[in-house]
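Bear in mind that the values in this text are calculations on the coordinates, not laboratory data. Every value quoted in this text rests on a predicted model; they were computed, and no experiment measured them. Every residue, glycine as well, gets a Cβ built from its backbone with ideal geometry; the counts of neighbours run over all protein chains shown.
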Amino acid sequence: MTILDNQPTAGCEMRVEDDFVRLADPFRPEILAHCYRMLGSIHDAEDLVQETYLRAWRSYAGFEGRASLRTWLYRIATNVCLTALEHRTRRPLPAGLGAPATEPEGDLSAIPREIVWLQPLPDALIAVDAASADPASVVAARAGLRLALVAALQYLPPRQRAVLILRDVLGWRAAETADLLGVTVTAVNSLLKRARTRLAEAAPDAEEVSEPTEAEQREVLDRWARAFVDADIEALMELVTDDAIWEMPPQPMWFQGAAMLRRLLTFRLHRYHHRYRRMLPTTANGQPAFAVYAAEIGDDAGKLTAESLQVLTFRGGRIAKISAFRTPGLVALAGLPQELDR
């Protein structure tokens, strides 16, 4: 008997590959969400999910089932993320850097190339077929994705970040987390305690959630979209909190307070003469969002192009934060067109 006699046949390899795809693919959305929480970047997360699944596929023939396939994928993904974070700095949002700006009528075009910004996660990328997926997978894909929490996680060292996500976001037991990271339960508890303390110091409002009912929120969103397109400043101001924040990465400046937002919106919406023509509703990070479409200045006949993705944070019945990501490619990731006919 030769060595080749002991190798799997092509048919066997195909069956192993088919089994892996069939069993592992349903977990892909939640593994993507996990990598996104760790990295704060859609593109980096997608790359690391690919790396995770490639490593898992290569090792699947030797997978002995001592842990569930889901746990095994999380182990690989977490370690891939920890390795990647060795060479990356944290991804902030503008409101996490310095004091708010005070000149909304000034030049807002500066983009510092040295800052790599946090990205939102369009919900379309983690859509799960709830009828066929494991309920735990559906919950895990959606849990703990609010923009404020993901931004706050970026303040934590990588291992603290991993422990807090596994324990507080995904609800893993200390022993499971310790086994995944290859450390003791005592070490996990210590990391978790430090992570919670640091998170509370760096971003005390990260977990603050106070949302209106679905009907109330829908009414506010309809009014917001209509007022934004109509450049109706008074109507917009009725919908924001007194301490509302407006940020627009990759521009680093951010503005806070109803009076400042009034100046900003008056300057931007009136200066560009109703350039913003359409708002398509979507969701990102489990929050309401809009794809904003604009016309070229002075062009009343051409197409409308995607300009930004607004992610809205509610407090009570009003909007407390507008994160207007001025990256048109995010609109396509949300499953929406880059261009619209008039």
Per 10 Å bin from zero, what fraction in whole % of the C-alpha pairs of the chain is there, up to the bin with the longest pair? 5, 23, 30, 21, 13, 5, 2, 1, 0
In order over segment 248-261: 3J(HN,Hα) from phi, Karplus 6.51/-1.76/1.60, θ = phi - 60°, whole Hz, x for each Gly or Pro, gives 8, x, x, 5, x, 6, 9, 10, 9, x, 4, 5, 5, 5
In deg cm²/dmol, rounded to the nearest 500, the helical mean residue ellipticity at 222 nm of the chain, built from -39500 (n - 2.57) for every DSSP H run of length 4 or more, is -13500 deg cm²/dmol
Once you charge only the Cβ atoms, +1 for Lys and Arg and -1 for Asp and Glu, what is the size of the charge dipole of segment 43-133 about its Cα centre, to the nearest 20 debye? 640
Using the Kirkwood radius over C-alpha pairs as Rh, can you work out the diffusion coefficient of segment 22-113 via Stokes-Einstein at 10 °C, viscosity 1.306 mPa s, in µm² per second? 102
Where in segment 298-342 does the amide nitrogen come within less than 17 Å of the point 7 Å from the Cα of ILE111, taken along Cα to Cβ? 305-310, 324-333
Whole-Hz ³J(HN,Hα) from phi, Karplus 6.51 cos²θ - 1.76 cosθ + 1.60, for segment 217-232, glycine and proline x: 5, 4, 5, 4, 5, 4, 5, 4, 4, 5, 5, 5, 5, 7, 6, 8
Quotient of C-alpha Rg and 2.2 N^0.38 Å, computed over segment 214-340: 0.99
Of all DSSP beta bridges with both partners in segment 186-342, the antiparallel percent, nearest 5, is 85
Which net charge results when you count Lys and Arg as +1 and Asp and Glu as -1 among the other residues whose beta-carbon is under 10 Å from that of ALA306? -1
Given a Förster distance of 41 Å, the FRET efficiency implied by the Cβ-Cβ spacing of ARG55 and ARG223, rounded to the nearest 0.05, works out to 0.25
Work out from phi, with θ = phi - 60° and the Karplus expression 6.51 cos²θ - 1.76 cosθ + 1.60, the ³J(HN,Hα) of each residue of segment 83-96, listed in order in whole Hz, and give x for Gly and Pro. 5, 5, 6, 4, 10, 10, 8, 5, 9, x, 10, x, 5, x
